[in-house]
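These notes concern the structure reproduced below.
The values are calculated or read from the model by the stated rules, or taken from the named source; none is laboratory data. Being a predicted model, the structure only gives us computed values, none of them experimental. Cβ placement follows ideal geometry from the backbone for every residue including glycine, while neighbour counts extend to all protein chains displayed.
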Amino acid sequence: MLYHLSETLMQYSSAARLVRYTTFRTIVAMLTSFLISLLIGRYVINFLYRRKIRDVVRDYSVMSVDSKRGTPTMGGILMLISISCSIILWGNFHSPFLYYLLFAMVWFGAVGGYDDYMKLRHQDSDKGLSRGAKYLSQIGYGLIFGILFLHPVTTPLPHPAQEATCKSRWNGSCPRLCKTDSDCQKRACGVKNAACINNTCQALACTEKKTKEPVVCQNNGQCTDACGRGATCHKPWMVQLSNHDVVVFRPSQLYVPFLKYHIIDLSWLYVLVIIFMIVYAANAVNFADGLDGLTIVPTIFSFAVYGIYAYIFGNAILSNYLWFPMLPGAGESAVFCGAVVGAGVGFLWFNAYPAEVFMGDTGSIALGGVLGTLMVLLKQEVLFFLVGGIFLAEIASVALQDYLGIRILGKRIFFRAPIHHTYQHRGLAEPKIAIRFWIISGILALLALAALKIR
């Protein structure tokens, strides 16, 4: 709202220009959602308690859960309200990225909320939405989102008009000996950026060793490589941005951390990748929600990392410096991430041990679904296996326990799954388990940020 009012406000005060900056709006969105969480948190908790919206805890027999009985649940509502209010204040609603993220939050928040409602209605944590119903809702969302993301009309990524495959512009008619740079730029040669070096025509930045840098493709289909030799263009999509050609991400390409270029272009098969990552993220975050404060901190780290990536990808200078294609408009995702981080810290205020409120599936499935959507929008799906390593460990322990251990081997691999319950059984205190998971998550977040440069 304030972003759209800023043009009018600038007529009265130049300070209103700040609202046009992504960095400023990201910071204030974070602070706003945090303050809203603190201001309304106590009222939300009291409301949930009075309405008897209290956690229904499974009985683990050998593991005491009495201290958690009666704790208000569905606290994810607190985060969803804080995020929504912050985005309404500071979001740029001209950005399609924002609509996709808000749609994901509403969809998965509704799924998680209904799951919590069913558990409370039957007073049984095993009588919420069935596993099949959850998967169906997640796959359905992934299919809809995948089609919209890949279709050239509805994709939030820019759709360039042309791409080119390039070969060397050097040919037999090009002069090899020269006195001035102009001798190397004759029409017959057709090489741009050539220079006369040691009385020999050379393309700028040319080395004897074949370059690994991508060729430069122009919108008219003409291009040059660094050494003037035969080379194939990596087929980057290019768009005009401020009268400059800018390479942008292609929706169907798969990128891997620490590698400079995409590894494969899956075309419409990329929908399957999107569905898998949506289902994986939603369930991984949900499985990790078992101890006080355990889930929210790795989630905060994940959104913080993706927020930094979003800001870099949305900035032509930074993305070019770090050798990333650009995502025009992706900076608005950073504002959304800032709002989630602030709301997450505010929720942690009440969720830290001993928890006064649980997020429930309303929060965990919603956060996981938004994370899955965010990683697809930023073309950094594989990065989540690194930055969300805690979530990977949690969901992997469940998969190993259920499918390999119980169904195939006929015995348990872990005492309990997810794996944090196994550490509880070994006698580790709940706060110690949570804090150790936080430390690991912080280290993984730093490694994920290192992938910006180490490529």
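Can you find a residue in region 399-412 that is in contact (Cβ under 8 Å) with a residue 24 or more places away in the chain and either outside any helix (DSSP H, G or I) or touching a helix residue (DSSP H, G or I) at 6+ places or on another chain (Cβ under 6 Å) (or both)? Checked against the condition, which is being in contact (Cβ under 8 Å) with a residue 24 or more places away in the chain and either outside any helix (DSSP H, G or I) or touching a helix residue (DSSP H, G or I) at 6+ places or on another chain (Cβ under 6 Å) (or both), region 399-412 yields no hits at all. Beta carbons closer than 6 Å, at least 6 apart along the sequence or on distinct chains, pair a first residue in region 427-455 that is assigned by TED's automatic domain parsing to the domain that holds Ile390 with a second that is hydroxyl-bearing (Ser, Thr, Tyr) and in a helix (DSSP H, G or I) for Ile433/Tyr423. If you go through region 302-344 and pick out every residue that is over 24 Å from Phe93 (Cβ atoms) and either buried (at least 24 other Cβ atoms within 10 Å of the Cβ) or of a type in the set (Ser, Thr, Tyr) (or both), you end up with 3. Highlighted here are the helices (runs of 4 or more DSSP H) found entirely within region 1-104 that include at least 1 residues which are modelled with pLDDT of 90 or more and touching an Asp or Glu at 6+ places or on another chain (Cβ under 8 Å): 22-50, 76-90. Close contacts from region 258-282, counting a first residue that is free of Cβ contacts under 8 Å to residues at least 40 places away in the same chain and a second that is surrounded by 14 or more Cβ atoms within 10 Å (Cβ to Cβ) and of a type in the set (Phe, Trp, Tyr), with Cβ to Cβ under 6 Å and a gap of 6+ residues or different chains, come to His262/Tyr255. Suppose the filter is closer than 26 Å to Phe103 by Cα and at pLDDT 95 or above; does Leu386 pass it? Yes. Counting residues in region 34-41 that are under 30 Å from Ala330 (Cα atoms), hydroxyl-bearing (Ser, Thr, Tyr) and touching a residue at least 60 places away in the same chain (Cβ under 8 Å) gives one or more.
Just one of the numbered conditions (1) crowded, with 20+ Cβ neighbours inside 10 Å; (2) under 19 Å from the mean Cα position of the chain (by Cα) is not true of Tyr99: (1). Of the residues in region 271-279, none is part of a loop (DSSP other than H, G, I, E, B) and on the phi < 0 side of the Ramachandran plot. Select from region 122-137 the residues that are among the charged types (D, E, K, R) and closer than 16 Å to Arg69 by Cα and list them in ascending order. Passing the criteria: Asp124, Asp126. If you go through region 439-455 and pick out every residue that is surrounded by fewer than 18 Cβ atoms within 10 Å (Cβ to Cβ) and within 21 Å of Ala352 (Cβ to Cβ), you end up with 4.
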